[in-house]
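A short write-up of the structure that comes next.
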Amino acid sequence: MRKLFVVVLMLVASPAFAQTWRTSVLQTRFVNTVSVSNSATTDQVRLSGTMAALVQIQQPTDPCTPVNPCRSVPVRIIYVAEATGVGQSTGRTYRAVGASTVNGTLSMPGTFAWQVGLRFVPPSPIVPPDPIVPPSPIALMATTNVSSQGTATAVSLPPSGLVSWWQAEGNALDALAQNNGTLGEVLDFVPGRVGQAFSFAEHGYVQAGPSSSLQPANVTAMAWVRHLGSPGQDNYILAQGGNACIAASYALYTGAQNLTFYVYDGGTFWSSPDAGPAVWDGNWHLVAGTYDGQSVRLYVDGAEIGSGSPTNVPIAYALPYQQFNIGAYRGDCQLRFNGDIDEVKIFNRALSGAEVQSIFSATP
């Protein structure tokens with residue numbers, strides 16, 4: 001992989017190109033569990049590998065700041081990646097490689113999301129009576145953070161299962177283009193944990209859906225949050241759906257003025273341990289709630305709060321109100337948030353503690 005990346009770098013980083021584009025060379029290791037289909041067999045494979053990326057960003061003529069980001073700045077990424085893994089059910093050894101060029105635009109400063117395509121190559125033993133059919137290719141989501149100076153500062157591959165990602169870069173768009181939102185009422189944007197952030201003062205909200213992709217059986221709901229002092233009781237960071245003024249299907253909210261995550265089975269909501277008041281110290285904190293069908297858990301800055309609350313209830317999604325909201329609960333009552341929210345992500349599975357920690361550590 002190193003030789004291939006050197007060749008790519010030599011081909012692209014010409015003096016003429018460098019006059020108007022800024023080039024960064026980044027490398028990262030990644031671990032991702034993927035579902036691999038081979039003939040009639042489906043295998044879960046924990047891939048571990050390395051990706052090198054040459055990131056080229058066109059330099060705007062005007063300065064970019066977190067308050068006034070430069071929008072639609074062209075970006076080009078040339079990457080090579082290699083990973084290996086062992087199937088959990090078959091014991092087969094898999095090797096996957098990928099190389100491609102990705103083009104797009106971003107708001108700078110901000111985060112650019114893109115796909116890393118990998119195809120499987122030998123060794124991946126064919127076990128009779130399987131026909132000689134290679135495993136299907138896979139695509140992993142990757143991100144690169146870009147500073148206000150137009151420099152790519154980090155590249156990473158989030159854990160698999162990412163459904164939607166609202167970056168709050170002056171709009172309510174989903175970086176994955178799956179569940180683009182709309183801005184309800186007036187809300188502000190302020191310098192965020194990465195780029196810009198939504199700023200709520202108990203008014204405004206972001207609405208997306210309804211969408212079945214935001215209604216998984218198991219779920220992780222994640223966001224960066226900030227407020228000095230308690231935002232107040234029953235302030236909602238995010239909420240999927242709503243039943244009257246009772247509960248959402250799942251939500252991150254302040255509960256008794258601190259922070260908890262809950263899931264709702266249509267009759268009772270089951271809450272994680274409470275994070276306590278320290279999360280509201282005026283600094284940015286990554287908060288994540290997970291439900292794996294066995295426990296409701298809460299993480300702050302990658303560390304689990306307590307040891308989870310056991311339950312195996314199914315999440316109720318057939319509620320009267322179906323939309324997904326950031327900064328508010330909007331069933332029959334309006335329960336708003338007082339503070340700043342950035343980088344909201346929904347996964348269609350419960351991330352492990354190590355995966356939550358990796359996202360926290362990867363954010364500059």
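The values are calculated or read from the model by the stated rules, or taken from the named source; none is laboratory data. It should be emphasised that the depicted structure is a prediction, and the values quoted were computed from it without experimental measurement. Because the Cβ atoms are built from the backbone with ideal geometry, glycine has one as well, and the counts that use them run over all protein chains shown.
Residues considered: LEU259, LEU351. Of these, the only one that is of a type in the set (A, V, I, L, M) and more than 25 Å from VAL190 (Cβ to Cβ) is LEU351. Listed by position, the strands (runs of 3 or more DSSP E) enclosed by the range 237-316 that each have at least 3 residues that are assigned by TED's automatic domain parsing to the domain that holds ALA208 and closer than 14 Å to ASN218 by Cβ are 285-291, 295-300.
For first residues located in the range 172-184 and at negative phi, partners that are in a loop (DSSP other than H, G, I, E, B) and of a type in the set (A, V, I, L, M, F, W, C) and lie 6+ apart or on another chain with Cβ distances below 8 Å form the pairs ASN180/ALA172; ASN180/LEU173; GLY181/ALA172; GLY181/LEU173; THR182/ALA172; LEU183/ALA172. The set of residues in the range 232-266 being among the polar types (S, T, N, Q), more than 14 Å from ASP332 (Cα to Cα) and surrounded by fewer than 22 Cβ atoms within 10 Å (Cβ to Cβ) consists of GLN233, GLN257, ASN258.
Taking the criterion of being in contact with a strand residue (DSSP E or B) (Cβ under 8 Å, 6 or more places away or on another chain) and either part of a loop (DSSP other than H, G, I, E, B) or among the polar types (S, T, N, Q) (or both), the residues of the range 227-236 that qualify are HIS227, PRO231, GLY232, ASP234, ASN235.
If I filter the range 106-122 for residues that are surrounded by fewer than 21 Cβ atoms within 10 Å (Cβ to Cβ) and assigned to a loop (DSSP other than H, G, I, E, B), do I get at least one hit? Within the range 106-122 (the criterion being surrounded by fewer than 21 Cβ atoms within 10 Å (Cβ to Cβ) and assigned to a loop (DSSP other than H, G, I, E, B)), the answer is yes, since at least one residue qualifies. Cβ-Cβ distances below 7 Å connect the following pairs, each with a first residue in the range 64-92 that is touching a residue at least 24 places away in the same chain (Cβ under 8 Å), a second residue that is polar (S, T, N, Q) and in a loop (DSSP other than H, G, I, E, B), and a separation of six or more residues or different chains: CYS64/SER148; THR65/SER148; PRO66/SER148; ARG92/SER124.
Out of all the residues in the range 321-334, is one or more modelled with pLDDT under 90 and either among the aromatic types (Phe, Trp, Tyr) or in contact with a strand residue (DSSP E or B) (Cβ under 7 Å, 6 or more places away or on another chain) (or both)?
Yes, that holds for at least one residue.
Within the range 167-195, track down each residue that is part of a strand (DSSP E or B) and closer than 19 Å to ARG226 by Cα. Across the range 167-195, the qualifying residues are ASP188, PHE189, VAL190, PRO191.
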